[in-house]
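Everything below concerns the one structure shown next.
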Amino acid sequence: MVQVLWRGRGGQGAFTAARMLGAAYISGGGGRFALAFPSFGPERRGAPMSAFTKLSGAPIHARNEIRAPDFTVYLDGTLFTAPSETGVTLVNSPHPVKGAVTVDAWRIAADHKLPTPNTAMLGALAALLDEIAPEETERGVASVLPPRLLARNLDAVSAAREELRSRGPLPRERSEVLP
């Protein structure tokens, strides 16, 4: 099972990204199962929140929060305190972050006239995941977003994925990120 922890602030689209990732995985064909769910504190825009995605080749029965993620994705770099102890950490930042993979998702979102960094971060994560092909990511985004928003968001997914891939070999586990 691949487990992804999404960290963001209310209104940044973390839960939407978690759902798109699950839909992308399922779109790859039979025998693929996904579960995406949020965890909110006080429900207000800008408050820290978490979302979770579980991907598996077998039905997923455990609906508990993820404690040892394979990937931790920070849509808001200000929430980042330290790299994940169990997997690869992906941070939305224009600057390098020790022990993490970074992508400037806010810049990519702005370049595509988007108000949130979620699809850019999804594209960056998809570049790190061998389990999901680019066309599956596109199908996942298309299954969640309305058609009027689709083209710009798919362009952001693609831009982030290509930005990470242009850097060379990508980390697949924590030991490949830490110095």
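The values are calculated or read from the model by the stated rules, or taken from the named source; none is laboratory data. Everything numeric here is computed off the predicted structure, so don't read it as measured data. Note: ideal-geometry Cβ built from the backbone for every residue, glycine included; neighbour counts use all protein chains shown.
Looking at (1) outside any helix (DSSP H, G or I); (2) modelled with pLDDT of 95 or more, which is the only condition residue 158 fails?
It is condition (1) that residue 158 fails.
Only one of these is surrounded by 20 or more Cβ atoms within 10 Å (Cβ to Cβ) and of a type in the set (Gly, Ala, Ser): 123, 99. Name it.
Result of the check over 123, 99: 123.
If a residue must be of a type in the set (Gly, Ala, Ser), touching a residue at least 24 places away in the same chain (Cβ under 8 Å) and part of a helix (DSSP H, G or I), how many such residues does the range 133-155 contain?
Total meeting the criteria: 2.
Going through the range 10-33 one residue at a time, which ones are within 14 Å of the chain's Cα centre (by Cα) and not aromatic (Phe, Trp, Tyr)?
12, 13, 14, 16, 17, 18, 19, 20, 21, 22, 23, 24
Which residues, counting only those in the range 79-94, are at pLDDT 95 or above and over 12 Å from the mean Cα position of the chain (by Cα)?
79, 80, 93, 94
For residue 36, which of the numbered conditions (1) closer than 18 Å to residue 123 by Cα; (2) among the small types (Gly, Ala, Ser); (3) touching a strand residue (DSSP E or B) at 6+ places or on another chain (Cβ under 6 Å); (4) part of a loop (DSSP other than H, G, I, E, B) fails to hold?
(4)
Whether any residue in the range 127-140 is more than 20 Å from residue 7 (Cα to Cα), among the hydrophobic types (A, V, I, L, M, F, W, C) and modelled with pLDDT under 95 is what I want to check.
Checked against the condition, which is being more than 20 Å from residue 7 (Cα to Cα), among the hydrophobic types (A, V, I, L, M, F, W, C) and modelled with pLDDT under 95, the range 127-140 yields at least one hit.
Of the residues in the range 93-132, how many are under 20 Å from residue 151 (Cβ atoms) and part of a loop (DSSP other than H, G, I, E, B)?
The qualifying residues number 6.
Can you tell me which of 71, 40, 15 is surrounded by fewer than 19 Cβ atoms within 10 Å (Cβ to Cβ) and under 20 Å from residue 116 (Cβ atoms)?
After ruling out the rest, the residue left standing is 40.
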